[in-house]
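Report on one structure; see the data block that follows.
We did not get these values from a lab; they are worked out from the coordinates using the rules stated. Since we're looking at a predicted model, the values are computed, not measured. Every residue, glycine as well, gets a Cβ built from its backbone with ideal geometry; the counts of neighbours run over all protein chains shown.
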Amino acid sequence: MTEYRKPTPAEIEALTTAGNSAENWDAIEVAQDFTPAHLSGCRLEGRVQIGRGARLRRCTIRNYRIGEEALIEGVTALECRCESSFGNGVRVAAINENGGRTVRIYDRLTAQTAYILAVYRYRPEAVEAIERMIERYASERRDTLGTVGPHARITGARFIREVNIGEGATIDGVSLLENGTVCAGAYVGIDVQARDFIAAEGARIDGGTLLERCFAGECCTLDKHFTAVDSLFFANSHCENGEAVSIFAGPYTVSHHKSSLLIAGMFSFFNAGSGANQSNHLFKSGAVHQSVHLLQHIPHTDIVLLHRNTRVPVYFHQRIVMLHIRKTFFLQPFIDKEDGRDSQTKSRHALHRIP
């Protein structure tokens, strides 16, 4: 564990000569083998801890711990303005836009845990127990200081506020990150804006992506102006160009096209074709429905999947479903009364082409 000390008067003088300044030098702590030459043109505010070999250039830092060998260069503001859980415990209204299947995200969330929280609402005691554990975990993560992990790189960024950055993570040219965690080895790139988020190990978020209340799982890629709100993306999902609202994207959910729109559904091993629109906005009663697309569902070009006004979710069979070009379908559920499951009614589907 790194031992910190106050900078000596000679070191403060050398730092000042190099264009550095501090709100209060007594609140600055440095590693035992600190070298003043590693800082240039920096403004340090509040409490700042600087690890061994960390290099800081042309940046403003407030209330942060900087890990050893980290690089921070050209950052308008890296700041922790208040006590924060850094995205842990944020409520994400996945699957149902009205929050009936809310999942609380944290930096160790798995698809299995999220599935139980979202789908097993008929097991309230189990859901409540898991939520209490997540609440305790989020409370343990609360701190008034943000963290930049060892060997992390932050360059050319504008505003990073209440964000923990893991070991070896890279942040390059982001516009805004607020209340989140970027886990070890993750990459967040040019013009990204993200609020209330978690980027898991190896995730890549780039190309002007916009996120709000989202979880990007292990090795996920969100790129090329993709926009998502209240959504969960798990292992190896890859989404570009399109939009997502309140979706549960299980492993290997893919969407590459600008005209693709996914709303209020659960997906896995899913590939949305160009113009694919999975929506729940056909009716006047509000966004109160959702669909569940099971394994290997492939909607092709210009498909529109619209929910009828029903109170039961729509399920797709666990087989490849090829939906052809330029057709629009209603999802027409019907209840199989003999297939009850823990007082929950499972619905099946029939596809009807709209004239």
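Kindly state, as a whole number, the per residue volume in cubic angstrom of the convex hull around the alpha carbon atoms of region 216-270.
55 Å³
Tally Lys/Arg at +1 and Asp/Glu at -1 over every other residue whose Cβ is under 12 Å from the Cβ of Phe159; what's the total?
+2
Got a sec? How would Asp26, Asp33, Asp196 order by Cβ neighbour count within 10 Å, fewest to most?
Asp33, Asp26, Asp196
With the cut-off at 1.5 for a/c, could you classify region 114-193 from its C-alpha gyration tensor as rounded, prolate or oblate?
Taking the square roots of the gyration eigenvalues as a ≥ b ≥ c, region 114-193 is prolate.
Quick one: order Phe86, Phe233 by neighbouring beta-carbon count within 10 Å, fewest to most.
Starting with the residue having the fewest Cβ neighbours, the order is Phe86, Phe233.
List Thr170, Thr110 from most exposed to least, where exposure is judged by having the fewest other Cβ atoms within 10 Å.
Thr110, Thr170
What Kirkwood hydrodynamic radius do you get for region 21-107 when you take the inverse of the mean 1/r over all pairs of distinct Cα atoms, in Å?
Over region 21-107, the inverse of the mean reciprocal pair distance is 14.9 Å.
Applying 1/(1 + (r/R0)^6) with R0 = 25 Å to the Cβ-Cβ distance of Tyr137 and Glu3, what FRET efficiency is obtained, to the nearest 0.05?
It comes out at approximately 0.35.
State, as an integer percentage, the relative contact order of region 182-281 based on alpha-carbon contacts under 8 Å between residues 6 or more apart.
Relative contact order here is 16 percent.
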